[in-house]
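Below is one structure; the comments refer to it alone.
Please treat every number below as a calculation from the coordinates, not as lab data. Everything numeric here is computed off the predicted structure, so don't read it as measured data. No Cβ is skipped: glycine too gets one built from the backbone with ideal geometry, and neighbour counts run over all protein chains shown.
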Amino acid sequence: MSTVPKRFEILLVAEHVEDRGGASVTDSAVRSAVVEVTGRHGETGYPIYEGHGIRADIDPETRTVEAILVDGRELDYGLTALVRLADRP
């Protein structure tokens, strides 16, 4: 298995937006957070990343969010979590 990235940025975007008016996904996200690997694995078997009120099990190879909690709650309907490598601090 490849090296697990230490940080990701999670973008929460509304699924129902059809036209962003030229705005990027980053600019139209309702919330974003940089999360860092905790060294633990979630029930999904993937590494847990946490930060800024978000806890997510992320498949580091496909960058897929397998489970997510936002402020201790499940993600609201109509929102999608997208993942990208975080910029270095």
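Structure summary
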{"quantity": "Interchain or long-range residues, amide H under 5 Å from residue 66's placed H", "calculated": "57, 58, 59"}
{"quantity": "Mean separation of Cα contacts under 8 Å (6+ apart) over length of the stretch 7-85, as relative contact order %", "calculated": "32 percent"}
{"quantity": "Of 64, 5, 83, farthest towards positive along the dipole that unit charges on Lys, Arg, Asp, Glu beta carbons give the chain", "calculated": "5"}
{"quantity": "Per DSSP, loop trypsin sites (Lys or Arg not before Pro) in the stretch 26-83 with at most 16 further Cβ within 10 Å", "calculated": "63"}
{"quantity": "Derived scalar couplings ³J(HN,Hα) [the stretch 72-84; Karplus, 6.51 cos²θ - 1.76 cosθ + 1.60; whole Hz; x for Gly, Pro]", "calculated": "x, 10, 5, 5, 4, 4, x, 10, 10, 9, 10, 10, 8"}
{"quantity": "Length released on extending from residue 26 to residue 63, taking residue separation times 0.36 nm less the Cα-Cα span", "calculated": "11.7 nm"}
{"quantity": "Inter-label distance for residue 80 and residue 38, nm, one decimal - labels placed 7 Å from Cα along Cα-to-Cβ", "calculated": "2.7 nm"}
{"quantity": "Over the chain: helical MRE at 222 nm, DSSP H runs n ≥ 4 each giving -39500 (n - 2.57), nearest 500", "calculated": "-500 deg cm²/dmol"}
{"quantity": "Neighbour net charge for residue 44 - beta-carbon separation under 10 angstrom, K R +1, D E -1", "calculated": "-4"}
{"quantity": "Cα-centred dipole magnitude for the stretch 7-85, charges only on beta-carbon of K, R (+1) and D, E (-1), debye, nearest 20", "calculated": "240 debye"}
{"quantity": "Rg(Cα) / (2.2 N^0.38 Å) computed for the stretch 35-89, rounded to two decimals", "calculated": "1.07"}
